[in-house]
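> Take this structure first; my questions come after.
The values are calculated or read from the model by the stated rules, or taken from the named source; none is laboratory data. This one's a predicted model, so the numbers in the text were calculated from it and none came from an experiment. All Cβ positions, glycine included, derive from the backbone under ideal geometry; neighbour counts span all protein chains shown.
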Amino acid sequence: MFDSLLSELLQSILEKDGFMLPINKDFSEKVSNKNNACIQNWLWSVSGFRRWRITSLNAGESLQVLNSVAYPDYTNEMPLMGVDLLWFGKKNQLVAVLDYQPLLREEKYLSKYYSSLRELKSRYPQFAAEKDMHIYDPNQYFSPWILFCRGGLNEAQKLLPDVFRAFLDSYWKINQMQKGNASFIDSDEVKRLQIKYDIYSAERDPAHGLFSSYFGKQWSDRFMKEFLFVGSQSMN
Ligand code: BLA
């Protein structure tokens, strides 16, 4: 379901002269013996970012996922880019979450980085399901303009591609604008907040059970710590 969005994401990283970094073979591609599922992971080096990870999970009709997080350099206070797209084919259900995940929710930070997301959200009222958030805390590491859709085929095929493109384009623009601009948060604090993000996300991520059922608990524990949320291992 998300192949064209994945290609678009990869293409846009390549246009910014990003290049792929090697990762543990056990993470780059893993096939589930029992459930006919395959997970693929990529790590990119992109100027301005210390880590950009992408995950694609294909469990056929049961579930397809595209997940990505961009972590800016510690000298760059801008929000992280978070995307979590899920398609449950048997039920024709889409869960799509796209956000510029803020390090702070203070007014001055939000007014500096969120005009484009706010505008995008106002154009897509179908992406306003945030009241349905039960696992995560909407006030931590999500913005007031999070794009969140619980929908069906129409939303997945007709709306999501446009939303995704605009969301990505604006994120690159924010990154461009940020260069050479004064910041509110110094790099030690950016580091601390990004690590906190990984610790928080590792605790809450609803995917762990799902990974365990496909690939076993041992692999899933390692995958969470060593690939998805590397900072959660930090002692800070
Ligand atoms: C929800 N994400 C979910 C759910 C699953 C995943 C199974 C629950 C589905 C539901 O609520 O119906 C799955 N998450 C995954 C998978 C990966 C993953 C397979 O990370 C693989 C790497 N989640 C993120 C990021 C964001 C995010 C970066 O990983 C930010 C945009 C958001 N996912 C997010 C939110 C929900 C969700 C807000 C709804 C959960 C809730 O109700 O609080």
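> Looking at segment 39-54 only, could you name the residues that are surrounded by 21 or more Cβ atoms within 10 Å (Cβ to Cβ) and either within 19 Å of LYS91 (Cβ to Cβ) or near the ligand (Cβ under 9 Å from one of its atoms) (or both)?
Of everything in segment 39-54, just one residue is surrounded by 21 or more Cβ atoms within 10 Å (Cβ to Cβ) and either within 19 Å of LYS91 (Cβ to Cβ) or near the ligand (Cβ under 9 Å from one of its atoms) (or both), namely ILE39.
> Can you find a residue in segment 175-190 that is buried (at least 17 other Cβ atoms within 10 Å of the Cβ) and within 16 Å of the ligand (Cβ to nearest atom)?
Within segment 175-190, not a single residue is buried (at least 17 other Cβ atoms within 10 Å of the Cβ) and within 16 Å of the ligand (Cβ to nearest atom).
> Quick one: ASP137 ticks every box in (1) within 12 Å of the ligand (Cβ to nearest atom); (2) under 27 Å from ASP3 (Cα atoms); (3) at pLDDT below 95; (4) acidic (Asp, Glu) except a single one, so which number is it?
Single failed check for ASP137: (2).
> What are the residues in segment 197-236 that are surrounded by 15 or more Cβ atoms within 10 Å (Cβ to Cβ) and among the hydroxyl-bearing types (Ser, Thr, Tyr), if any?
Listed by number, the residues that qualify are TYR197, TYR200, SER201, SER212, SER213, TYR214, SER220, SER232.
> A further question on this structure: Could you tell me whether ASP17 is within 18 Å of the chain's Cα centre (by Cα), of a type in the set (D, E, K, R) and more than 16 Å from the ligand (Cβ to nearest atom)?
no
> Oh, and also: I need every pair where a residue in segment 193-218 that is more than 26 Å from MET78 (Cβ to Cβ) and of a type outside the set (D, E, K, R) has its Cβ under 7 Å from the Cβ of a residue that is part of a helix (DSSP H, G or I) and modelled with pLDDT of 90 or more, sequence separation at least 6 or different chains.
As it stands, the answer is HIS208/SER220; HIS208/MET224; PHE211/SER220; PHE211/PHE223; SER212/SER220, since those pairs meet every condition given.
> Also: Just checking, does segment 90-99 include any residue being away from the ligand (no atom under 13 Å from the Cβ) and either over 16 Å from GLY151 (Cβ atoms) or among the polar types (S, T, N, Q) (or both)?
Yes, that holds for at least one residue.
> Select from segment 147-162 the residues that are out of contact with any Gly (no Cβ under 9 Å at 6 or more places or on another chain) and within 24 Å of PRO79 (Cα to Cα) and write down the one among them that is surrounded by the fewest Cβ atoms within 10 Å (Cβ to Cβ).
Residue satisfying both the conditions and the ranking: ASP162.
> So which of PHE184, PHE211, PHE164 ends up being touching a strand residue (DSSP E or B) at 6+ places or on another chain (Cβ under 8 Å) and more than 21 Å from LEU147 (Cβ to Cβ)?
It is PHE211.
> Next question. With respect to ARG165, is the statement that it is surrounded by fewer than 18 Cβ atoms within 10 Å (Cβ to Cβ) and either at pLDDT below 95 or away from the ligand (no atom under 12 Å from the Cβ) (or both) true?
When the stated conditions are applied, ARG165 passes them.
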